[in-house]
Amino acid sequence: MFSSLFRLFVFSNNLSKEWFSNIRGDILAGTVVALALIPEAIAFSIIAGVDPKVGLYASFCIAVVTAFFGGRPGMISAATGAMALLMVTLVKQHGLHYLLVATLLTGVFQIIAGLIRIGDVMRFVSRSVMTGFVNALAILIFMAQLPEFKGAGPPMYAIVAGSLAIIYLLPRLTKAVPSPLVAIVVMTVIAIVFDLDVRRVGDLGALPDALPVFLWPQVPWTLETLWIVLPYSAGLAAVGLLESLMTAQIVDEMTDTASDKNRECSGQGIANIVAGLFGGMAGCAMIGQSVINVKSGGRGRLSTLVAGVFLLILLVVLGPWVKQIPMPALVAVMIMVSIGTFSWASFRNFRVHPTSSSIVMVSTVLVVVFTHNLAIGVGVGVLLSALFFAKKVSQVLRVTSQPAPEGRIYLVTGQLFFASADAFVREFDFKEVVAKVCIDVSHAHFWDLTAVASLDKVVLKFRREGAEVTILGLNEASATLVDRLGVHDKEDALEKLLAH
Amino acid sequence: MIANTPSPHVLACTDGSLYAPSVYQHSAWAALRIGAGVRVLHVLDPHRGRAIGGDLTGAIGFDASAELTAALAQLEETQARVARLKGDAILEDAARQLASAGVEQVVALQRHGTLVETLEELEPAAELVVIGKRGEHCDFAKGHLGRELERVIRTSVRPVLVASRAFKPVQNILIAYDGGPSVLKAVDFVASSPLLQGLSCHLLRAGKTDDTAIHPMEEAAAKLRSAGFEVTTEAISGAPDAVIGQAVRDRRIDLLVMGAYGHSPIRQFILGSTTTTMVRTCLVPVLMFR
């Protein structure tokens, strides 16, 4: 029986490969990630203004559920800073239970996004927008740490500096232990022994002391509630999907393997619904943690599952000690995460990359930093890249001319659409007195109504000057478009064009 | 798209394991009998799911993901190059062995990907697929089948010849007759293909021999006789795997022909598979049809 059970796993499609092809590496990496998840989940709960246990339960639920339902094996999802930032006002004005409802609705939106295959839309997000996104994310995580320094005394700065020193220098001595964990343990011991005057995790609210239990949000289930949470849920769903899909892309590139982006969307949705039902906040994939996972040797779904389960075990077993962790140590870990997430190469690339790419990247960063909403930043970035692209392609247009018997022949080459239409019209010399004009467009492409209208405009202008106009070689794509949309070759052409 | 598809050919899957020489000999035998060439396939399956050297520091520094991507790419590049050279050597050896076995047209092919997905692409163009009973590290667990074998057979649209440890000239064949659609396909193939023409043929029906619901064995026998085969038929009651195994030994059968995996993976998961047992316990090559 056991051998056949084993065989079922071995032979069923990718199941065995995604789960059991890297057992040792996945378990070790999952453990490292679980340890790193604790400070992050606590820090992000604090950003959102809820008890640390809300973020910790969410991280457990999301990690475990995405291990099974996610589309990218080896990616780590949990409570994240980008999501936490969007919840602040909702929590402040309406409280935790409305956040739970918003989390459920976020999950519903994300499942729908997966069903309508929104993952395919990711191809419109250019490389520059992605760089802007990760940089903005890193800056947001870093900025979220700054309030901790407000009014803090020397012990705060000393612990942050000490922790950072351990985090970055210990790996030079040994790669066998997670240095952020060592930093946290050492600083906790120091804080207790010297009774330092710094904030502890326990001061910030309740920590988990048991397994998460089913928690139905205590809100009036009315339309009014829906209108309150809807805008938050829409934002959360968008940001969650963006960060998850971008992280999936980064993990794809790191490991040179493929992922199912639409399954990831639905997986995130299911994870958020489960998190919402067990008293957790909404979350998504984490770039920093996923990098840590891959770096530690995690590749399969097992690593994500181990991270979630081990996180919970640690909390339940070590709860009283977690309370004693000094906040500055967590701040140090988060600074490390933001440094690791930031794409430092983008400074170097300012000199190498085209200005338009740099503008897209910087605009994405700036919009996010000012709005605290990654979705708006990415939207602006995508829009800008589309505009720059249109501008670039519009330059692929050339009109040359040569005299011909009784007139002139114009040769049009390139792409004709809304962005190049004006330049196209300007290329013609309407002041020249000619009897016949021939426009050869066999090497041009007409993309839209504006292109067609501009050709009409040229033809009509020449006709009004008394020239006889012929058009040569409208290739088939352009011909169908002109046939359907053009007015110059039909009767009462002028009236129609003027009526536009 | 895969370029250079040769004319009629036998597709021989090799991994350079202990079974490889036997795969080449079986392929050469089949190719010569049906007058075809041989295409030798070696796949490079890098097991990207497996991590290389973990770093448990859990700390990420400047440009963490870019640096990690570069580091992993470099590691995998080295490994992939070694694997490719090893694959080249395996294919060179295969071409040499096939040529010395008398096959004129040998094409070697190396592809990235898993065996199953590569075969899905290549197999429709082939007349016959030849694969070893076990793969690399075959002595690791005796009695276990090659990990990929069952998946290959399940997804296969062509006959699959599963090569045994050593090649022996084929004189006697046994068709394990259960009246199912796959075995009828097998009978059609045997009757029409030059592969087994002129060999002595035993039709054996095992299990509940009084079941009238199944397609009568005599019709299959008649079809084979009219194709010029010398056919004997026999029906023995008992557990199919035991009965067939016994007959293969008693009659000194050189090749077992059977329909493969008539049942869904779920049913097989509960009851076990006759096919798998047969391939494992019979020490002769097996020609399978789906």
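The values are calculated or read from the model by the stated rules, or taken from the named source; none is laboratory data. No experiment lies behind these values; they were computed from the predicted model shown. Every residue, glycine among them, receives a Cβ derived from its backbone with ideal geometry; neighbour counts consider all protein chains shown.
Give the residues of region B:158-207 that are surrounded by fewer than 19 Cβ atoms within 10 Å (Cβ to Cβ) and part of a strand (DSSP E or B), sorted by residue number. The answer is B:172, B:200. Taken together, the residues in region A:422-465 that are in contact with a strand residue (DSSP E or B) (Cβ under 9 Å, 6 or more places away or on another chain), part of a loop (DSSP other than H, G, I, E, B) and of a type in the set (A, V, I, L, M, F, W, C) amount to 4. If residue A:394 satisfies every condition in (1) surrounded by 15 or more Cβ atoms within 10 Å (Cβ to Cβ); (2) in contact with a Lys or Arg (Cβ under 9 Å, 6 or more places away or on another chain) but one, which is the exception? Failed condition: (2).
If you go through region A:350-391 and keep only what is exposed (fewer than 13 other Cβ atoms within 10 Å of the Cβ) and closer than 24 Å to residue A:86 by Cβ, you end up with just A:370. The criterion of being under 30 Å from residue B:192 (Cα atoms), acidic (Asp, Glu), in a helix (DSSP H, G or I) and touching a residue at least 40 places away in the same chain (Cβ under 8 Å) does not hold for residue B:117.
Return yes or no: is residue A:33 surrounded by 24 or more Cβ atoms within 10 Å (Cβ to Cβ), within 10 Å of chain B (Cβ to nearest Cβ), in a helix (DSSP H, G or I) and modelled with pLDDT of 90 or more? The answer is yes for residue A:33.
Restrict the check to region B:137-146 and report whether at least one residue is buried (at least 22 other Cβ atoms within 10 Å of the Cβ), at pLDDT below 85 and within 14 Å of chain A (Cβ to nearest Cβ). Yes: one or more hits.
If you go through region A:159-189 and pick out every residue that is in contact with a Pro (Cβ under 8 Å, 6 or more places away or on another chain) and away from chain B (no Cβ under 14 Å), you end up with 4.
Of the candidates A:399, A:469, A:441, the single residue that is more than 47 Å from the chain's Cα centre (by Cα), of a type in the set (A, V, I, L, M) and either surrounded by 14 or more Cβ atoms within 10 Å (Cβ to Cβ) or closer than 30 Å to residue A:124 by Cα (or both) is A:469. The number of residues in region A:429-447 that are more than 21 Å from residue A:391 (Cα to Cα), of a type in the set (A, V, I, L, M, F, W, C) and either in contact (Cβ under 8 Å) with a residue 40 or more places away in the chain or touching a Lys or Arg at 6+ places or on another chain (Cβ under 9 Å) (or both) comes to 4.
Of the residues contained in region A:222-231, none is found to be farther than 24 Å from residue A:368 by Cβ and crowded, with 24+ Cβ neighbours inside 10 Å. Does residue A:248 qualify as being of a type outside the set (Phe, Trp, Tyr), in a helix (DSSP H, G or I), within 14 Å of chain B (Cβ to nearest Cβ) and touching a strand residue (DSSP E or B) at 6+ places or on another chain (Cβ under 8 Å)? Yes; evaluated as a whole, the condition is true for this residue.
Is it the case, given these coordinates, that residue B:96 is at pLDDT 85 or above, assigned by TED's automatic domain parsing to the domain that holds residue B:155, under 31 Å from the mean Cα position of the chain (by Cα) and assigned to a helix (DSSP H, G or I)?
The answer is yes for residue B:96.
For residue A:419, the test of being more than 14 Å from every other protein chain (Cβ to nearest Cβ), aliphatic (A, V, I, L, M) and part of a loop (DSSP other than H, G, I, E, B) is passed. Of all the listed residues (A:288, A:279, A:205), the sole one being at pLDDT below 90 and on the phi > 0 side of the Ramachandran plot is A:205.
Report, ordered by the first and then the second residue, all pairs with beta carbons closer than 9 Å, sequence separation of six or more or different chains, a first member in region A:142-158 that is in the same structural domain as residue A:191 (by TED's automatic domain parsing), and a second member that is surrounded by 15 or more Cβ atoms within 10 Å (Cβ to Cβ) and of a type in the set (Asp, Glu). Taking only residues 6 or more apart or on different chains, the pairs are A:156/A:148. So is residue A:257 within 22 Å of residue A:114 (Cα to Cα), within 14 Å of chain B (Cβ to nearest Cβ) and surrounded by fewer than 19 Cβ atoms within 10 Å (Cβ to Cβ) or not? So residue A:257 passes the test. For the structure I just gave you, tell me whether residue A:302 is free of Cβ contacts under 8 Å to residues at least 40 places away in the same chain and either part of a helix (DSSP H, G or I) or more than 16 Å from the chain's Cα centre (by Cα) (or both). No: the conditions fail for residue A:302. Annotation note: of B:243, B:248, B:279, the sole residue that is at pLDDT 70 or above, within 14 Å of chain A (Cβ to nearest Cβ) and in a helix (DSSP H, G or I) is B:279.
Out of all the residues in region A:181-199, is one or more small (Gly, Ala, Ser) and under 15 Å from residue A:323 (Cα atoms)? Yes, there is a match, as at least one residue in region A:181-199 is small (Gly, Ala, Ser) and under 15 Å from residue A:323 (Cα atoms). Of all residues in region A:177-199, those satisfying the criterion of being over 32 Å from the mean Cα position of the chain (by Cα) and at pLDDT below 90 are A:195, A:196, A:197, A:198, A:199. Being under 30 Å from residue A:235 (Cα atoms) and in the same structural domain as residue A:241 (by TED's automatic domain parsing) is a property that residue A:371 lacks. For region A:268-283, the candidate set comprises residues that are more than 16 Å from the chain's Cα centre (by Cα) and assigned to a helix (DSSP H, G or I); within that set, the residue that is surrounded by the most Cβ atoms within 10 Å (Cβ to Cβ) is A:272.
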